[in-house]
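What follows is a set of notes on a single structure, which appears directly below.
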Amino acid sequence: MTPNDVSILFLTLRVALCATLVILPLGVGAGWLLARRAGGFRPLVETVLSLPLVLPPTAVGLLLLQALRPRGMAGRLLDSVGIELLFTWKAAVVATAVMSFPLLVRPARTAFEEIDPRLLAMGRSLGSSPVRVFGRVALPLAWRGILAGTLLAFCRALGEFGATILVAGNIPGRTQTLSLAIFQRTQVGQDQAAMRLVALTVVIAFVTVLASELVARRRSQRTAV
Amino acid sequence: MIDLDVSLPLARFPLRIETTLSGQAVAVLGPSGAGKTSLLECIAGLRRKASGRIVVSGTTVMDSGRRMFLPAERRRIGYVPQDALLFPHLTVEDNVRFGMRRGAAGESLYRESVAILEIGDLTQRYPATLSGGERQRVALARAIATEPRLLLLDEPLAAVDQQLKGRILPYLLRIRDELRIPFLYVTHNAGEARTVAKEAIVLREGGVAFAGPSDEALRSVTVIDPEARFDNVLAGVLDAETALGETASLRVGSAVFAVPAEEAQAPGRAVFAVAPEDVLVSTKPLSGVSARNVRPGAVISREVSGATAWIRIGSVGLEWTARLTLAAADELELLPGSPVWIAVKSHAFRRLR
């Protein structure tokens, strides 16, 4: 591994970690609301939240680019508080966050749905407010599902390509993550250098997915008691 | 004192309960699906669709006319559902502590709850490893640790068939006498209901079929609830000192009964049950029988359901229920006022714990 490889690895990990941290509270909140609120809008909301899974990543990237450009909707807001986002590593964070969000929401929602609603009612009956019941009953019972979803979302964030390249570009040393670097090196014929990065991504992905599998397994064993 | 004027739409019929309960302890009887659990959930504040008015010892917890609905967490009503609903991720101790106040007062209440329900040995276990009866006891301890102004207990139908283990009744008697927390107790065992509560309501298809003294409730339960049991429940003091040969003696009021000696290992307060099938009825004085408990009495009433005759007999200051076949009851000509002798062998006395 060259020093360059190492810096690419760290940038990638930083982007993926930040994206995961950003979507964690949002994804848990969305999963909770989807599991507990059976409104008429629910199918619509779920479809919208799942779109990043099925749309071409470049399409999502282009939509983000439109929104984030200085005269776009979100762009103006960011401009007014003096944040420059496009073509920085933060833009990569936004792109990967949007793309991996559905992977966290779905397992979180399933984990919350598995909780007997009467257990939550019992928490209320014992004097806890809805917020405290969420913290003392719902979260402890759903954390394995949430963790599995978080690891999955993190993996997705590590490999995000299409949306990232549109909003963050492919600037070596600044926004060039692992997947972008692999693409770029194969384009210029540096197949061996690309293979080193591929090996790196395989190791990270393997460890993370394995961890997520182990968490899921422990979970099914526990519910079998 | 509980003022109920509740309506709730249910799948098969609407729940419509309008009654005032004045007793410290009230038994709720009636067949499965009559709305007993739904009524408890309305009082506990777990049914948002309920309408009407509920006043518990002077505090209005719901009044839909004034758009008032006190959320469950502010009602201070302890609820023990049929399936106990313990938190599976918490130990027994953490379950009991869940709704407890912090501080010294809470600590002593915790110790008291654990002691009364005799769950000291279970505190570090998880709910998945407990038996049904143990879960009920933990759920009851968890409810009383919150210092409720009212307890709601829903005993599962399955528990009624368990004769000895897993019955909540002996603990309920202690809560009634030592902590003096008012409670509503749902049970299918009309005999137990009478022992634990002076007042009873009987529900049928969402409405109140009977409200009044629990002694009288028995008669309406006979007709309404085919699954009901009419155990003769005797709450007394088990005397280890006065051994009657191979048996121990149980004092209930002024009466003394011979019970199996192996039940006398823990003397003191004890609750025994005698199944109505185990009460032998004779119209002539009995002699030369092996049964250790033979007492004179008189028939109070006779109710018939199907091929069964339920004979209520007053004897030694207690009211007994004997289950006879209709043919046997007819042959003996058992009518109210008839003098009879009842015989109960000591092994028919089974201790609830």
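Label 7 Å along Cα→Cβ of A:Leu17; region A:161-176 residues with amide nitrogen under 18 Å?
Once the point is set 7 Å along Cα→Cβ of A:Leu17, A:174-176 turn out to lie under 18 Å by backbone N, inside region A:161-176.
I'd like to know which of B:Ala348, B:Gln265, B:Ala291 lies farthest towards the positive end of the charge dipole of region B:233-352, counting +1 on Cβ of Lys and Arg and -1 on Cβ of Asp and Glu.
The residue sitting most towards the positive pole is B:Gln265.
Please identify every one of the GluC sites (Glu not before Pro) in region B:52-140 that sits in a loop by DSSP and has no more than 15 other beta carbons within 10 Å of its own beta carbon.
Those that pass, being in a loop and sparsely packed, are B:Glu118.
Restrict the search to region B:188-233; then list the GluC sites (Glu not before Pro) that DSSP places in a loop and that have at most 15 other Cβ atoms within 10 Å of their Cβ.
Listed in order of number, the matching sites are B:Glu227.
Restricting the calculation to Cα positions, tell me the Rg (one decimal) and the Dmax (whole number) of region B:281-346 in Å.
11.3, 33
How far is it, in nm, from the label point at A:Arg42 to the one at B:Glu118 when both lie 7 Å from their Cα along the line to the Cβ?
4.5
State, as an integer percentage, the relative contact order of region B:233-352 based on alpha-carbon contacts under 8 Å between residues 6 or more apart. Each step should come with its number before you reach the end.
On the way: 258 pairs, mean separation 35.3, N = 120.
Relative contact order comes out at 29 percent.
Roughly what angle does helix A:178-187 make with the longest principal axis of chain A, taking Cα atoms, 0 to 90 degrees, to the nearest 10?
Rounded to the nearest ten degrees, it is 30.
If you take the C-alpha gyration tensor of region B:233-352, multiply each eigenvalue by 5 and take the square root, what semi-axes do you get, largest first, in whole Å?
On the way: eigenvalues 146, 38, 30 Å².
Values for region B:233-352, descending: 27, 14, 12 Å.
How would you classify the protein assembly as shown from its alpha-carbon gyration tensor, with a ≥ b ≥ c the square roots of the eigenvalues: rounded for a/c under 1.5, else prolate if a/b is greater than b/c, otherwise oblate?
prolate
Count the lysine pairs in the protein assembly as shown that are 8 or more places apart or on different chains: how many have C-alpha atoms under 23 angstrom apart?
4
Loop only by DSSP, 13 or fewer other Cβ within 10 Å of the Cβ. Give me the chymotrypsin sites (Phe, Trp or Tyr not before Pro) in region A:1-93 that pass, ordered by residue number.
A:Phe41
Expressed as a rounded percentage, what relative contact order does chain A have, with Cα pairs under 8 Å and six or more residues apart?
Relative contact order here is 29 percent.
Give, rounded to the nearest 20 debye, the magnitude of the charge dipole that region B:2-229 has about its Cα centre when Lys and Arg contribute +1 at Cβ and Asp and Glu contribute -1 at Cβ.
For region B:2-229, the charge dipole is close to 600 debye.
Provide the convex hull volume over Cα atoms per residue for region A:30-95, in Å³.
Looking at region A:30-95, the number lands at 119 Å³ per residue.
Report, to two decimal places, the Cα Rg of region A:1-143 normalised by 2.2 N^0.38 Å (N = number of residues).
Region A:1-143 yields a ratio of 1.30.
Quick one: grab the alpha carbon gyration tensor of region B:99-158, order the square roots of its eigenvalues as a ≥ b ≥ c, and give me rounded if a/c is under 1.5, else prolate or oblate depending on whether a/b is larger than b/c.
Oblate, since a/c reaches 1.5 and b/c is not below a/b.
Whole percent per 10 Å bin, from 0 to the bin with the longest distance: what is P(r) over all C-alpha pairs of chain B?
Answer for chain B: a P(r) of 5, 23, 30, 24, 12, 4, 0 percent.
Is there a quick way to get the dipole size of the protein assembly as shown? I mean about its Cα centre, with the Cβ of Lys and Arg at +1 and of Asp and Glu at -1; what is the value in debye to the nearest 20?
Computed about the Cα centre, the dipole is about 2000 debye.
Whole-Hz ³J(HN,Hα) for each residue in region B:67-78, computed from phi via Karplus 6.51 cos²θ - 1.76 cosθ + 1.60 with θ = phi - 60°, x for glycine and proline: what do you get?
Karplus-based 3J(HN,Hα) across region B:67-78 equals 6, 10, 9, 5, x, 3, 5, 10, 8, 6, 10, x Hz.
Quick note: the coordinates plus some simple rules give every number you see, no bench work behind them. Note that this is a predicted model, so its numbers are computed, not measured. Note that we place each Cβ from the backbone using ideal geometry, even for glycine, and neighbour counts take in every protein chain shown.
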